[in-house]
Amino acid sequence: MLGMALAALDSTIIATAVPQIVGDLGGFAVFSWLFSGYLLAVTVTLPVYGKLSDTFGRKPVLVTGIVLFLVGSLACAGAWDMASLIAFRVLQGLGGGALQGTVQTIAADLYPMKERPKIQAKLSSVWAASSVAGPALGGLLATFAGWRWIFLVNVPVGAVALWLIVRHFFEDERGGRGRPVRQAGAAARRPRVDWPGALAIFACGGLLLTALVQGGVAWAWLSAPSLLLFAGSAVCAAGTVLIERRAAEPIIPGWVWRRRTICAVNLALGALGLLIVAPTVFLPTYAQSVLGLGPTAAGFVLSAMTLSWPLSAALSSHVYRRIGIRNCSMLGIGTACLILLAFPLLPYPGAAWQPALIMLALGAAIGLFQLPLIIGVQSSVCYAERGTATASILFCRQVGQSFGAALFGAIANATLNDRLAHAPSAIRPGLPDDLDAASRALEHAGTLTAQAADYLRRAVATTVDHVYIGAATAAALALIALLLLAPRRFPVHADARTGESGQARTGEGEQPGGT
């Protein structure tokens with residue numbers, strides 16, 4: 001849980017300290033890479049660390065990830081310019097990728113199916129609390145101690161996590177709770193690592209995510225840089241497929257997509273990553289620009305989702321044991337779709353409790369959707385495949401989130417530009433031309449006439465409404481993926497069904513037997 005807190009904190013803690021960092025180091029034109037570089041490194045390393053944890057065990061990968069993260073944190077604290085800080089943030093991300101996937105895999109190794117929802121819900125609570133507390137903690141440290149302490153605060157937390165894992169977490173030679181990592185007679189055979197495949201995944205993921213993150217921001221979508229990056233990622237993807245087909249131990253094996261269970265969950269969680277962008281990125285803008293709330297109050301509106309999500313996830317086992325994992329997840333994402341469609345029906349300007357109630361309900365719905373699918377995939381594979389399977393679904397969710405940020409950013413800008421283009425001629429002069437500029441203008445509404453400020457607020461409200469409709473569409477796509485591809489009864493591997501007593505443990509409605 002401490003390891004999970006490290007990765008979660010550093011995805012958000014730096015957000016409120018950007019002005020101080022830019023004021024000290026400069027580099028305003030490229031500061032967005034403080035976020036993008038970390039995200040890129042985490043995302044492209046997830047499949048690699050998943051395969052390495054299946055090959056060499058969870059503990060070496062987790063220890064390596066924490067060490068890399070701490071070295072990156074110390075280096076970030078000593079950065080001398082923006083370029084060095086971005087490079088060290090990438091180093092942090094290389095460690096963060098090991099933390100995210102391996103912690104989730106260890107939870108499945110240590111706990112039988114019956115107990116797994118509780119521990120996964122606790123991990124979700126850590127992630128939610130760290131994500132919400134990150135911006136506030138970052139702002140306090142940057143204001144009263146200096147921005148370098150944002151990275152130094154990782155050191156004691158990471159040191160305690162490292163000490164606890166080295167001292168108290170052990171894997172026997174058969175892996176975890178007596179599960180074999182290698183087949184009998186293969187102990188003497190040296191594990192083979194598919195380094196060409198890893199490099200190909202780095203190249204493909206790096207080019208694709210760079211195109212998604214920077215397109216429409218640093219350059220136009222149809223400009224030469226975007227087209228070159230997308231073309232390069234397509235070429236690398238083709239090369240990755242060829243390399244992985246010939247590899248003896250591929251980083252992303254073909255069974256990840258051939259098995260209906262994992263393929264359906266990969267697509268569904270990719271859609272989840274896409275839809276989650278709507279509340280996390282655009283709701284704070286709505287709360288501040290339309291409702292007139294301050295940053296802290298806007299954060300509380302969003303945090304309603306992080307309160308209900310872990311609680312719903314913890315209780316989801318009572319649902320999926322009765323109706324099955326597939327039906328439970330379809331119930332959750334179907335409800336989420338309806339909740340997202342309800343957002344555009346909120347009155348204008350409305351009260352803060354209304355979007356907060358929407359977020360509370362959305363978190364509960366997503367808790368019923370996501371956790372059962374993760375548990376279902378982890379329970380459908382053996383120990384030696386669990387790291388790869390877990391990393392694949394987390395990777396798809398991260399890619400979906402990057403794609404969602406690009407897609408919904410384009411939708412938001414197109415909607416706002418259309419509204420501003422059709423503004424009455426009397427108020428059109430002086431109106432901003434993008435969403436960020438609109439938010440800044442409404443923060444200082446004294447520079448606008450009352451009529452112009454009201455029109456701009458309504459334009460922002462319409463913009464966020466369209467984003468939520470897009471998020472509802474993503475939820476519908478996840479529902480369709482589960483309906484068409486996921487098996488009615490998720491298979492449960494013998495590793496997951498056998499508890500410490502050796503007795504088979506299967507949830508009601510789940511199909512016993514291997515995959």
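Need the C-alpha centroid separation for the range 143-170 versus the range 230-278, integer Å.
33
Considering only the other residues whose Cβ falls under 14 Å of the Cβ of G37, what net charge follows from Lys and Arg at +1 and Asp and Glu at -1?
0
Rounded to the nearest 20 debye, what is the charge dipole size of the range 241-357 about its Cα centre when +1 sits on each Lys and Arg Cβ and -1 on each Asp and Glu Cβ?
580
Quick test of your reading: applying the under-4.7 Å Cβ rule, which cysteines of the chain are isolated?
Cysteines of the chain left without a disulfide-compatible partner: C76, C263, C328, C337, C382, C396.
Could you give the dipole magnitude of the chain about its Cα centre, charging the beta-carbon of Lys and Arg +1 and that of Asp and Glu -1, in debye to the nearest 20?
Rounded to the nearest 20 debye, it is 1560 debye.
Under 1.5 on a/c is rounded, so check that first for the range 261-339, then, if it is not, pick prolate when a/b is larger than b/c and oblate when it is not; a ≥ b ≥ c are the square roots of the alpha carbon gyration tensor eigenvalues.
Because a/c hits 1.5 or more and a/b exceeds b/c, the range 261-339 counts as prolate.
Would you order H493, H168, H318 from fewest to most other beta-carbon atoms within 10 Å of each residue's own beta-carbon?
Neighbour counts put them in this order, fewest first: H168, H318, H493.
Estimate the FRET efficiency between I323 and A297 by the formula 1/(1 + (r/R0)^6), using the beta-carbon distance for r and 45 Å for R0, to the nearest 0.05.
0.75
May I ask you to list, by number, the DSSP H helices of the chain whose Cα span along the axis is at least 27 Å and whose average Kyte-Doolittle hydropathy reaches -0.5 or more?
Answer set is 33-56, 58-77, 82-110, 116-144, 195-214, 224-246, 295-323, 353-379, 383-421, 450-485.
What is the Å³ per residue value for the convex hull set by the Cα atoms of the range 194-248?
In the range 194-248, the Cα hull volume divided by residue count equals 53 Å³.
Could you tell me the center-to-center distance, by alpha carbons, between the range 339-387 and the range 69-129 in angstrom?
If we compute the Cα centre of each part, the gap is 21 Å.
Quick one: compute the contact order of the range 194-248, relative version, from alpha carbon pairs under 8 angstrom and 6+ residues apart, as a percent.
It rounds to 52 percent for the range 194-248.
Can you tell me how the range 210-367 classifies by the Cα gyration tensor, rounded, prolate or oblate, using a/c under 1.5 as the rounded cut?
Judged from the Cα gyration tensor, the range 210-367 comes out oblate (a/c at least 1.5, b/c at or above a/b).
Fewest Cβ neighbours within 10 Å first, please rank L207, L137, L62 accordingly.
Ranking L207, L137, L62 by Cβ neighbours within 10 Å, fewest first, gives L137, L207, L62.
Computed FRET efficiency, Cβ-Cβ of F56 and L110, R0 22 Å: what is it to the nearest 0.05?
Result of the calculation: an efficiency of 0.80.
Modelled label-to-label distance, A87 and T449, 7 Å Cα→beta-carbon offset: nm?
5.4
Given an 8 Å cut-off on Cα distances and at least 6 residues of separation, report the relative contact order of the range 1-171 as a percent.
Answer for the range 1-171 is 39 percent.
Let me know the shape class of the range 327-380, please: from the alpha-carbon gyration tensor, a ≥ b ≥ c as square roots of the eigenvalues, rounded when a/c is under 1.5, otherwise prolate if a/b is greater than b/c, or oblate.
prolate
Per q in 0.10 1/Å, what log10 I(q)/I(0) does a Debye calculation on the alpha-carbon atoms of the range 1-171 return?
Taking Cα atoms of the range 1-171 as identical point scatterers yields -0.37.
Express in nm, to one decimal, how much length is gained between I469 and A224 on full extension, taking 0.36 nm for each residue of separation and deducting their alpha carbon distance.
85.1 nm
Can you list the lysines whose alpha carbon is less than 18 Å from that of K51, not counting same-chain residues fewer than 8 positions off?
K59
Please give the FRET efficiency for L483 paired with L345, using the beta carbon to beta carbon distance and R0 = 30 Å, rounded to the nearest 0.05.
Taking R0 as 30 Å, the efficiency between L483 and L345 is 0.70.
Run the numbers for R260 and V67: contour at 0.36 nm per residue of separation, minus the present Cα-Cα distance, in nm.
65.8 nm
So for Y455, Y383, fewest C-beta neighbours within 10 Å to most, what's the order?
Y455, Y383
Where Lys and Arg each count +1 and Asp and Glu each count -1, what net charge lies around L74 among other residues with Cβ under 14 Å from its Cβ?
Result for the local shell: +1.
Could you grab the relative contact order for the chain? Cα pairs under 8 Å, six or more apart, rounded to a whole percent.
21
What is the Cα coordinate range of the chain on the first, second and third principal axes, sorted by size from largest, in whole angstrom?
The principal-axis extents, from largest down, are 81, 52, 44 Å.
Quick note: the coordinates plus some simple rules give every number you see, no bench work behind them. Remember, it's a predicted structure, so these values are computed and weren't measured experimentally. When we count neighbours, we look across all protein chains shown, and the Cβ atoms used for this are built from the backbone with ideal geometry, even at glycine.
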